[in-house]
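J.: The structure is given below, and queries will be raised subsequently.
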Amino acid sequence: MTSTSLFLPVALPLLGALLVTALPRKMPILGALAALATSGSGLWVTTQTWLHGDLGLVLGGWGLPLGIGLAADGLSAALLAMSSLVGLGTSVYAIGYFAGSERCTHFWPLWFLLWASLNGVFLAADLFNLYVMLELLGLSAAALGALTGTREALAANLRYLLVGLLGSITYLLGVALLYTGYGTLDIGLLGARIQPTPLAATALVLMVAGLALKAALFPMHFWLPPAHANAPAPVSAALSALVVKTAFYLILRLWLDLFPPALTNAAAAFVLGTLGAGAVLWGSWRALRAERLKLLAAYSTVAQIGYLFLFFPLLQATPAGAARDDLIAACVLMAMTHSFAKAGFFLAAGLVQQKAGHDRIDELGGAAQSMPATTFSIALAGSALIGLPPSGSFIAKWVMMRGAFETGQWWWLIIIGAGTLLAAAYIFRVLSRAFGLEPTPQCFVTDARAEIPALLLALASVVLLGLAAGPIWSLLGFEGVQA
Amino acid sequence: MSQPLTWTSVLPGAILLSSLIPGALIFLVKEESHILRGVLNMTGAIIKLVLVAVLIWGVFLGGIFETRLTIAPGLALVLHADALSVLFVTLSTVLWLVTTIYAIGYLEHSPNRSRFFGFFSLCVSATVGIALAGNLLTFVIFYEILTLATYPLVAHRGTPDATRGAKIYLAYTMGGGLALLVGAVWLRSLTGPVDFIQGGVLAGLPEALHPQLIAIFVLLLIGLGVKAALVPLHGWLPQSMVAPAPVSALLHAVAVVKAGAFGIVRVVYDVYGVEFAAHLGLLTLLGVAASITIIYGSIMALTQDGLKKRLAYSTVSQVSYIALGASILGPVATIGGLVHLVHQGIMKITLFFCAGNYAETLGVHKVSEMDGVGRRMPWTTLAFTVGALGMIGIPPIAGFVSKWYLGLGAVEAGEHWVLLVLAASTLLNAGYFMPILYKAWFRPPPDAWPEEHVFESRFETMGALLWPPVITAALCLIAGLLAAAPFSPLEWATLIARREYGL
């Protein structure tokens, strides 16, 4: 059905960006209000999708193939809810983080631009608008990442910008091929017309390759760790938790809704799965060897993105039905859990870094021990990253492992198992520093405004997604097998 | 959650929350508010005790208590109270109360108490979750939570030794947890959701799946064997002795090793079914592993001079009695194994409390320093003596009852070699406990103790440290003397065995 509220999650942050630029003196309060409004509108759209099913809206007064189309189905609504909540937490944290700093004036406009393009990617209904939103996202993300202004941050984010452009262009080439072949860019129409021709196959390869570069899929992840590790904490959180997810979302969308099964075949799925496996092992290994906390978190993102790609071979081998629905829902759950957990992790890591003045893991003991709530957030988020129960990723891994058994692809179990153990090793390498002989902190929470957002995000990844994941199934329209 | 909310569908959940909520609140308590923290601790422990008493009565009458929470379609968190879970819940609830009192006394003036008691309560909540788990998924979830909640307790002291011990503990339990998870998912993919049902659920599966079922059993056994300290998966246990005494007591008697042993019992009886497990030859595997562990643990205990290390190896050995009981086909052996779950708990916790008292009061950490402690600390040493004699199996203390039923069950099942294991173990037990008792009571005390603390108390040590071991020692005697009384551990184990074998 048509719903006019669909444009709000994109329009409100844009309005916010304009307002904070126009009235820089009122920045924190305006920023907070705009963040609340954006987040509220995103959750509103999610609720509407929950209640009424798929939503659509055409802007610009033209009919569907020509106008700017927005659409929300269960998948976009779930990710929109994720970007709304994680975005809100990050905004609240950023108020305190940038307070009294000059960077504040740069942060808020860029952040709202980023948020608008994030929501735009989740809601766009045609491939060209998606491209526009992706470009906007890449630009604002690279600019935000360079906010610290250090030489490393600039170099890393310049590389990030170029890689992002390369990825978008590759994607655009694929889009152009499809347009010449089928004369439309609307995902729904295209999905109905597309045939397993060499042209479509080339488009698939180009689009997925471009997006995989943007999603930092191994071995195209090289740009991610320096860019994410050198950004200010709230920016790292948004980049790792949300931005890389957009590219993954698009790949999943193309895979499920656009390309015919003859193209999304076992070989293609195996390639994606293998790259995912490489990401899990290599990312986790580098996280274990990382000397700095934020670098560890960044490599952990590389690994977690890898898990998401392990779903493709399982999805491909599972016939349509409850088992396949479970896998899709688990994949979304995994992406969402990582988003909440990684945002919480980066925000908490930022506090530890501020307290200690550095983020070298070996010397963090004192700072970690003096902030119990923050360390607790790292522990909660960490257990979600490892995939320990109760957390959304535990459920996702359970379903994934079940899928591996049921489709006879036992080798992915080895990857999941090894990734889990490596993750436990790198998370507890950090946590073990928090048990030292430092003086006892008097209170659990030392600085509520800074510590609570991280704690809530981490808690959400564990308790909310770990014990009440059912709504994701409902949102995606799946019945699920009844126990 | 389609079921109506009745008290029978809330009670198991309430028992879990009665320690989880105080635990979460304790994290928020300011470090210096020890009264508030104590009140939270004790309120939780007492509410839990009352709820468990109601549960015991209800289950005895044959009531069905089940709390069900759907996590996602096809994945349900089920807390279901049957006779076996009640046995473990009661053990952990009673011992939690006693250990909390002990820990409050033991950790007085020490740092990071809010953190300690917070995780302490989480740990007990996880144990109760394991006890009440109604399906394999729930069991796995709480089993992993237990690992997470105990890590901070082992690392609590913050010394390099503690960090190292905690790391080793984590490495073992994470590896074990993964094996358990893989086994559980594998089984789930063969059969659908695996509920724990008395008599087992797998016997009806086609013969072609039997090799897979054997492989799954081995995976589950590895996962559970790590916590139950089956040789060669026991390496973490002596290392984690660096933890404070109440934690050691908790690890050894209530939570961690018991969770492993309990899990083995669950898998054998309520997943595979004991007859089916015997048919697949799995009981022999379990029996051999348990026997090796019993003998090896006892031999290692002989060679330890550190008191807590000696007790640790004794735990390695004694916990495997439970697995041994599960590995013999026949109700009498089952009773012996199950009752030992409780008996080993109360005896071992007594011993660890006493070891803690010696360390705190006199600075005595080694067996070689224990000359004459009986004269300086008669009540503690009396409690220690009861625990030690019980471990050896001297009547009328609880440990005798366990060994008697294990032996009887073995004879009944025609497994005479078990008697040899029991006899050897008893001799070895006497070998490592008797010298301690002799030194404590009959050797003259030294001129000065290694590090004596004088408490302002009319007793030999602080009241909060003295009463817990005295109480648990009394429980050891009562459980042995009144073994035939209604609601004694033995009677309850008999009830479980009757239900498992459908007698």
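The values are calculated or read from the model by the stated rules, or taken from the named source; none is laboratory data. Predicted model only: the values in this text are computed from it and were never measured. Positions of Cβ are backbone-derived with ideal geometry, glycine not excepted, and every protein chain shown enters the neighbour counts.
J.: Output the residues belonging to region B:183-212 that are surrounded by 20 or more Cβ atoms within 10 Å (Cβ to Cβ) and assigned to a helix (DSSP H, G or I).
T.: B:183, B:184, B:185, B:186, B:187, B:188
J.: Scan (1) in contact with a strand residue (DSSP E or B) (Cβ under 8 Å, 6 or more places away or on another chain); (2) under 22 Å from residue A:139 (Cβ atoms) for the single condition residue A:22 breaks and write down its number.
T.: Status for residue A:22: all satisfied but (1).
J.: A further question on this structure: Condition test on residue A:464, is it surrounded by fewer than 22 Cβ atoms within 10 Å (Cβ to Cβ), aliphatic (A, V, I, L, M) and either within 28 Å of residue B:70 (Cα to Cα) or within 7 Å of another protein chain (Cβ to nearest Cβ) (or both)?
T.: Considered against the rule, which asks whether it is surrounded by fewer than 22 Cβ atoms within 10 Å (Cβ to Cβ), aliphatic (A, V, I, L, M) and either within 28 Å of residue B:70 (Cα to Cα) or within 7 Å of another protein chain (Cβ to nearest Cβ) (or both), residue A:464 comes out as yes.
Each row is one residue, and each column tells you yes or no for (1) farther than 29 Å from residue A:252 by Cα; (2) in a helix (DSSP H, G or I); (3) free of Cβ contacts under 8 Å to residues at least 40 places away in the same chain; (4) not aliphatic (A, V, I, L, M).
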| position | (1), (2), (3), (4) |
| --- | --- |
| A:284 | no, yes, no, yes |
| A:312 | no, yes, no, yes |
| A:320 | no, no, yes, no |
| A:373 | yes, yes, no, no |
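J.: Quick one: how many residues across region B:264-278 are under 11 Å from residue B:329 (Cα atoms), in contact (Cβ under 8 Å) with a residue 60 or more places away in the chain and surrounded by fewer than 24 Cβ atoms within 10 Å (Cβ to Cβ)?
T.: Total meeting the criteria: 3.
J.: Here's a check for you: in region B:42-73, which residue that is within 14 Å of chain A (Cβ to nearest Cβ) and free of Cβ contacts under 8 Å to residues at least 40 places away in the same chain is farthest from the chain's Cα centre (by Cα)?
T.: B:73
J.: While we're on this one: Considering only region A:380-396, state which residues are at the interface with chain B (Cβ under 8 Å from one of its Cβ atoms) and either assigned to a helix (DSSP H, G or I) or farther than 19 Å from residue A:284 by Cβ (or both).
T.: A:383, A:389, A:390, A:394, A:395
One line per residue, one yes/no per condition, for (1) touching a Ser or Thr at 6+ places or on another chain (Cβ under 7 Å); (2) in a helix (DSSP H, G or I); (3) surrounded by fewer than 17 Cβ atoms within 10 Å (Cβ to Cβ):
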site: B:456; (1), (2), (3): no, no, yes
site: B:469; (1), (2), (3): yes, yes, no
site: B:485; (1), (2), (3): no, no, yes
site: B:495; (1), (2), (3): no, yes, no
site: B:499; (1), (2), (3): no, yes, yes
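J.: Among the residues of region A:446-454, is there at least one that is assigned to a helix (DSSP H, G or I), over 28 Å from residue A:50 (Cβ atoms), more than 7 Å from every other protein chain (Cβ to nearest Cβ) and not small (Gly, Ala, Ser)?
T.: yes
J.: Moving on. Is it true that residue A:68 is at pLDDT below 90 and under 24 Å from residue A:147 (Cα atoms)?
T.: no
J.: Continuing with this model, one more query. Of all residues in region B:134-145, count the ones that are in a helix (DSSP H, G or I) and facing chain A (nearest Cβ under 10 Å).
T.: Residues in region B:134-145 being in a helix (DSSP H, G or I) and facing chain A (nearest Cβ under 10 Å): 8 in total.
J.: Go through (1) in a loop (DSSP other than H, G, I, E, B); (2) crowded, with 21+ Cβ neighbours inside 10 Å and name the single condition residue A:243 misses.
T.: Of (1) in a loop (DSSP other than H, G, I, E, B); (2) crowded, with 21+ Cβ neighbours inside 10 Å, only one is false for residue A:243: (1).
J.: Let me ask you something else. Under 7 Å between Cβ atoms, at least 6 apart or on separate chains: pull out the pairs that start in region B:148-159 with a residue that is polar (S, T, N, Q) and end on any residue that is surrounded by 22 or more Cβ atoms within 10 Å (Cβ to Cβ).
T.: Pairs found: B:150/B:123; B:150/B:251; B:150/B:255; B:150/B:256.
J.: Could you identify the single residue in B:19, B:33 that is away from every other protein chain (no Cβ under 14 Å) and among the polar types (S, T, N, Q)?
T.: Criteria check complete, one pass: B:19.
J.: Right, next: Of all residues in region B:149-166, count the ones that are within 8 Å of another protein chain (Cβ to nearest Cβ), part of a helix (DSSP H, G or I) and not aromatic (Phe, Trp, Tyr).
T.: 4
J.: Any residue in region A:158-175 that is in contact (Cβ under 8 Å) with a residue 40 or more places away in the chain sitting within a Cβ distance under 8 Å of a residue that is part of a helix (DSSP H, G or I) and of a type in the set (Phe, Trp, Tyr)? List the pairs, counting only those 6 or more apart or interchain.
T.: A:168/A:131; A:171/A:131; A:172/A:131; A:175/A:128; A:175/A:131
J.: Could we say that residue B:131 is out of contact with any Gly (no Cβ under 6 Å at 6 or more places or on another chain), within 11 Å of another protein chain (Cβ to nearest Cβ), within 23 Å of residue B:319 (Cβ to Cβ) and in a helix (DSSP H, G or I) here?
T.: no
J.: From the list A:431, A:459, A:413, A:421, exactly one residue is more than 10 Å from chain B (Cβ to nearest Cβ), assigned to a helix (DSSP H, G or I) and at pLDDT 90 or above. Which is it?
T.: It is A:459.
J.: Continuing with the same structure: Consider region B:167-199. How many of its residues are within 25 Å of residue B:334 (Cβ to Cβ) and either in contact with a helix residue (DSSP H, G or I) (Cβ under 7 Å, 6 or more places away or on another chain) or within 7 Å of chain A (Cβ to nearest Cβ) (or both)?
T.: Number of matching residues: 10.
J.: Hey, any hits in region A:127-143 for a residue that's at pLDDT below 95, β-branched (Val, Ile, Thr) and within 16 Å of residue A:185 (Cα to Cα)?
T.: Scanning region A:127-143, I find at least one residue that is at pLDDT below 95, β-branched (Val, Ile, Thr) and within 16 Å of residue A:185 (Cα to Cα), so the answer is yes.
J.: Identify, from the list A:314, A:295, A:333, the residue that is under 25 Å from residue A:363 (Cα atoms) and either surrounded by fewer than 24 Cβ atoms within 10 Å (Cβ to Cβ) or within 14 Å of chain B (Cβ to nearest Cβ) (or both).
T.: Criteria check complete, one pass: A:295.
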